[in-house]
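Chemist: Quick one: this structure, given as structure tokens, is what I'll be asking you about.
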Amino acid sequence: MCGITGKIYLAKDRTIDSGELKQMTDIISHRGPDDEGFYINKNIGLGFRRLSIIDLNTGHQPLSNESGNKWIVFNGEIYNFLELREGLRQKGYSFKTKTDTEVILKLYEEYGVLCLQYLRGMFAFAIWDNDTQQLFCARDRFGIKPFYYYNDKDKFVFGSEIKAILKSKNIDKTLSTDALDSYFTFGYITSDLSIYKEIKKLQPAHYLLLSFKKKVTLEIKKYWEIVFEPDYSKTENQWAQEVEAALSESVKLHMISDVPLGAFLSGGIDSSSVVALMSINSTKPIKTFSIGFKEQRYNELKYAREIAEKYGCDHHEQIVEPGSIDLLPKLVSAYDEPFADSSAIPTYYVSKIAREKVTVVLSGDGGDELFAGYDLYQGLKNYYSSALSFNSPLLNKLIWGNVHKMLPQNIKGKNGTYFLSKDRKLMSAYSTIWRKSERKRLLLNYGIIDFAMASEVYKEDILKKHPDYDFVTNMQNMDLQTYMVDCILTKVDRASMINSLEVRVPFLDHKFAELSFRIPWNFKFHKKELKYILKRAMAPYLPKNILDHPKQGFSVPLEFWFKKDLKQYVNDTLLSGNPLLSSFLDKKYIEKILLKNQNGQVDFSRKIWPLIFFEEWLKQNNRL
């Protein structure tokens, strides 16, 4: 796991400032505290910070091929690199290192951009090809590793984090109204947006080509997409066996490391499955790390301990208390832009205690998206449960086609509102923090009254792309492209990397994910039971207590903290004096929200946390 940066002047007579490139790279040194490296060739500059995981002695970057005409900076891990290296050896390639980085570079020499089809792993990399005068950048299929870029008429700048780009000279820092809308809608920023209008994310499963051939061109293409192609020929037992075998293989691949390795253990099905399979594939006790809360409704430590004891793990845990709010300035700095998932707090702490013992951990992220694990999917179970009991694609199509006609336009639920599209053929069920009308009122002071509301449009477009998908699969597909990449994986990447810890996600091996999308959806959501086939697959490994207990999620008890221990903190931050967010948001509206929350009329903690984070972000970024 590392940090990468780069700057390319579009005019070839310009020269990269080595001091500036070093500043860009130094500011993400937490991503790679073990080594640094630079490549500068006139208008081309690449920077690198290394966290040593594999081949500790010869893994220096930027790395070149033998002729020195191709250079790579790479962040991530390629889990099938040994197999790929052997295949390249048989084609006549030789290697000077034992790294996966060199394998990517050789694959590029052999296959060009098609090299991406061979990679199993998480990655964000950039290759400068002096022969073709082209910069080739790519991001892994699920967006586990980040890649931000800035492009104007003068330069192209990229980095693992936004802060690296901001260290470059003459960067336009105009805020994006679409990103603000997304933040207050969902608590995170979707699609290719960042909080800065001119800084973009390279989206998952995309590559970028900056070419200097005849004229400078920038081209972005998608190289992979997961597709739901259900196989109805297999029985429930056969699917369970395939899931178990494929997940076991993925976990084993993800355990390749030359440094100490452990696992996050929440006590849920996903992380417990990973720990169980790690234990079977290890001759030593697995080091496991858990976080809990004093508020029992939010505390899963007893389940984590049960798994740790069953598999003889070297277990470590910590209780997070309201005083952890002091962590906020560090979190805001780590995320670079407004990010309102409060579980970033426990994620930071579990990463911190893990880094004291290991350098790499495996997590259970991705299991909910691949196996329909979110309670939100159950929000409409009374309306379409009859359609879930059929295994025939024809019956599914006929029944679902009739069921949707009986559904109301919108349904209120405890996690938000579930919306139907106007033609009632697509269910776009998702949770919003601030509804559209609320956002127009909230952002009144910023002069945004009739802006595009692009965040909800983006999710709608994903759903409309596959109108033939059933409801559950459509939800899974949308969550994979939005909530998982822009919230879950972003949260884990920043919270872990600020502690210089690498987190790997076996569920998001693309081969395993493709298998999961061949499983008929009624095996995932079976008789109102979520993640049914995964539970069947892992039943030999997990106690019944783990398989059956309700999903709790990795959430923070803000509803209690904001009304008790942190009540004064909230008022001081959002109301006292003249908070910076008053320049953007309607202060009277915020006062109304806080009053209702403190009077116990309703729990508005999900609305309050984004305001607190935004205020601190404005403070750190000198926004007046």
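Chemist: In the list GLY59, GLY32, GLY19, GLY3, which residue meets the criterion of being of a type outside the set (Ser, Thr, Tyr) and closer than 18 Å to TRP128 by Cβ?
Modeler: Details: GLY59 fails: closer than 18 Å to TRP128 by Cβ; GLY32 fails: closer than 18 Å to TRP128 by Cβ; GLY19 fails: closer than 18 Å to TRP128 by Cβ.
Just one listed residue meets the conditions, GLY3.
Chemist: If you don't mind, another one. Quick test of your reading of the structure: ILE291 fulfils all but one of (1) surrounded by 18 or more Cβ atoms within 10 Å (Cβ to Cβ); (2) part of a helix (DSSP H, G or I). Name the failing condition by number.
Modeler: Going through (1) surrounded by 18 or more Cβ atoms within 10 Å (Cβ to Cβ); (2) part of a helix (DSSP H, G or I) one by one, ILE291 breaks only (2).
Chemist: Which residue, of LEU247, LEU208, LEU277, is in the same structural domain as PHE158 (by TED's automatic domain parsing) and either touching a Leu at 6+ places or on another chain (Cβ under 8 Å) or free of Cβ contacts under 8 Å to residues at least 40 places away in the same chain (or both)? Let's see the steps before the verdict.
Modeler: Working: LEU247 fails: in the same structural domain as PHE158 (by TED's automatic domain parsing); LEU277 fails: in the same structural domain as PHE158 (by TED's automatic domain parsing).
Checking each option against the conditions leaves just LEU208.
Chemist: A further question on this structure: Restricting attention to segment 306-338, report how many residues are closer than 27 Å to PRO550 by Cα and either of a type in the set (S, T, N, Q) or touching a residue at least 24 places away in the same chain (Cβ under 8 Å) (or both).
Modeler: 17
Chemist: Return yes or no: is SER182 surrounded by fewer than 21 Cβ atoms within 10 Å (Cβ to Cβ) and over 21 Å from ASN43 (Cα atoms)?
Modeler: When the stated conditions are applied, SER182 does not pass them.
Chemist: Tell me, which helices (runs of 4 or more DSSP H) lie completely within segment 92-198 with 2 or more residues that are in contact (Cβ under 8 Å) with a residue 60 or more places away in the chain?
Modeler: Passing ranges, in order: 162-166, 177-186.
Chemist: Collect the residues in segment 351-376 that are in contact with a strand residue (DSSP E or B) (Cβ under 8 Å, 6 or more places away or on another chain) and hydroxyl-bearing (Ser, Thr, Tyr), keeping them in residue-number order.
Modeler: SER351, THR359, SER363 - these are the residues of segment 351-376 that are in contact with a strand residue (DSSP E or B) (Cβ under 8 Å, 6 or more places away or on another chain) and hydroxyl-bearing (Ser, Thr, Tyr).
Chemist: Here's another thing I want to ask about it. When segment 570-590 is examined, which residues are found to be surrounded by 13 or more Cβ atoms within 10 Å (Cβ to Cβ) and assigned to a helix (DSSP H, G or I)?
Modeler: Once the filter is applied, which keeps residues that are surrounded by 13 or more Cβ atoms within 10 Å (Cβ to Cβ) and assigned to a helix (DSSP H, G or I), segment 570-590 yields VAL570, ASN571, THR573, LEU574, LEU580, LEU581, SER582, SER583, LYS587, TYR589, ILE590.
Chemist: Of the numbered conditions (1) over 26 Å from the mean Cα position of the chain (by Cα); (2) modelled with pLDDT of 95 or more; (3) of a type outside the set (Lys, Arg), LEU331 satisfies every one except a single condition; which is it?
Modeler: (1)
Chemist: Further question on the same structure: With the structure loaded, tell me whether GLU249 is assigned to a strand (DSSP E or B) and closer than 25 Å to LEU480 by Cα or whether it fails that test. Full working, then the answer.
Modeler: Numbers: assigned to a strand (DSSP E or B): no; closer than 25 Å to LEU480 by Cα: yes.
For GLU249, the condition - assigned to a strand (DSSP E or B) and closer than 25 Å to LEU480 by Cα - is not met.
Chemist: Could you tell me whether ILE40 is in the same structural domain as PHE136 (by TED's automatic domain parsing), in a strand (DSSP E or B) and free of Cβ contacts under 8 Å to residues at least 40 places away in the same chain?
Modeler: Working: in the same structural domain as PHE136 (by TED's automatic domain parsing): yes; in a strand (DSSP E or B): yes; free of Cβ contacts under 8 Å to residues at least 40 places away in the same chain: yes.
For ILE40, the condition - in the same structural domain as PHE136 (by TED's automatic domain parsing), in a strand (DSSP E or B) and free of Cβ contacts under 8 Å to residues at least 40 places away in the same chain - is met.
Chemist: Restricting to segment 594-617, give me the number of residues that are free of Cβ contacts under 8 Å to residues at least 40 places away in the same chain and crowded, with 19+ Cβ neighbours inside 10 Å.
Modeler: 4
Chemist: When you scan segment 223-239, do you find a residue that is assigned to a strand (DSSP E or B) and among the hydrophobic types (A, V, I, L, M, F, W, C), even just one?
Modeler: No.
Chemist: Going through segment 498-508 one residue at a time, which ones are surrounded by 23 or more Cβ atoms within 10 Å (Cβ to Cβ) and out of contact with any strand residue (DSSP E or B) (no Cβ under 8 Å at 6 or more places or on another chain)?
Modeler: PHE507
Chemist: Do the conditions hold for ILE593, that is, is it under 14 Å from PRO338 (Cβ atoms), in a helix (DSSP H, G or I) and either among the β-branched types (Val, Ile, Thr) or in contact with an Asp or Glu (Cβ under 6 Å, 6 or more places away or on another chain) (or both)?
Modeler: On the way: under 14 Å from PRO338 (Cβ atoms): no; in a helix (DSSP H, G or I): yes; either among the β-branched types (Val, Ile, Thr) or in contact with an Asp or Glu (Cβ under 6 Å, 6 or more places away or on another chain) (or both): yes.
So ILE593 fails the test.
Chemist: Here is a further query. Can you report the number of residues in segment 220-270 which are in contact with a Gly (Cβ under 8 Å, 6 or more places away or on another chain) and either within 30 Å of LEU135 (Cα to Cα) or of a type outside the set (D, E, K, R) (or both)? Walk me through how you get there before you give the answer.
Modeler: Narrowing segment 220-270 to residues in contact with a Gly (Cβ under 8 Å, 6 or more places away or on another chain): 264, 266, 268-270.
Subsequent filtering for residues that are either within 30 Å of LEU135 (Cα to Cα) or of a type outside the set (D, E, K, R) (or both) retains 264, 266, 268-269.
So the answer is 4.
The values are calculated or read from the model by the stated rules, or taken from the named source; none is laboratory data. All figures in this text were calculated on a predicted structure; none of them were measured in a lab. Cβ sites come from the backbone with ideal geometry, for glycine too, and all protein chains shown count toward neighbours.
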